[in-house]
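**Student:** This is the structure I have questions about; it appears just below.
The values are calculated or read from the model by the stated rules, or taken from the named source; none is laboratory data. Everything numeric here is computed off the predicted structure, so don't read it as measured data. Here the Cβ positions follow ideal geometry from the backbone for every residue, glycine too, while neighbour counts run over all protein chains shown.
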Amino acid sequence: MRTCPECGGVMVYERSSKLYSCTSCGTAMNSQELLEASERARSERDKVERAKRWKDDYLAWWLSSKE
Ligand SMILES: [Zn+2]
């Protein structure tokens, strides 16, 4: 099952238009676009995760250095 890169909703394949369309927000894209959009969404999430981890590490270091 494919999920919408925009909202995380369920994407259904429409044979007539050869497009995947989101049942939640109505986004429609072909399989290539869907793949690229998913990749983008994933790398965005990774970036956020890394930034968050770095902040946690920094905070832990900062707190420990105060003692
Ligand atoms: Zn959607």
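**Student:** Among (1) within 16 Å of the ligand (Cβ to nearest atom); (2) without any contact (Cβ under 8 Å) to a residue 12 or more places away in the chain; (3) among the aromatic types (Phe, Trp, Tyr), there is one condition TRP61 misses while meeting the rest; what is its number?
**Tutor:** Every condition holds for TRP61 apart from (1).
**Student:** Sticking with this structure for a sec: Pairs under 8 Å by beta carbon, first residue closer than 26 Å to LYS18 by Cα in the range 31-53, partner among the acidic types (Asp, Glu) and outside any helix (DSSP H, G or I), six or more apart or different chains?
**Tutor:** Hits for this filter: ALA37/GLU6.
**Student:** Please indicate, with yes or no, whether at least one residue in the range 11-22 is assigned to a loop (DSSP other than H, G, I, E, B), surrounded by 10 or more Cβ atoms within 10 Å (Cβ to Cβ) and more than 12 Å from the ligand (Cβ to nearest atom). Show your work before the answer.
**Tutor:** Taking the range 11-22 as the starting set, the residues that turn out to be assigned to a loop (DSSP other than H, G, I, E, B) are 15-18.
Keeping just the survivors that are surrounded by 10 or more Cβ atoms within 10 Å (Cβ to Cβ) gives 17.
Add one more test, that the residue is more than 12 Å from the ligand (Cβ to nearest atom), and what stays is 17.
Yes, the range 11-22 has at least one match.
**Student:** So, GLU44, is that one in a loop (DSSP other than H, G, I, E, B), at pLDDT below 95 and within 16 Å of the ligand (Cβ to nearest atom) or not? Break it down stepwise before answering.
**Tutor:** Values: in a loop (DSSP other than H, G, I, E, B): no; at pLDDT below 95: yes; within 16 Å of the ligand (Cβ to nearest atom): yes.
So GLU44 fails the test.
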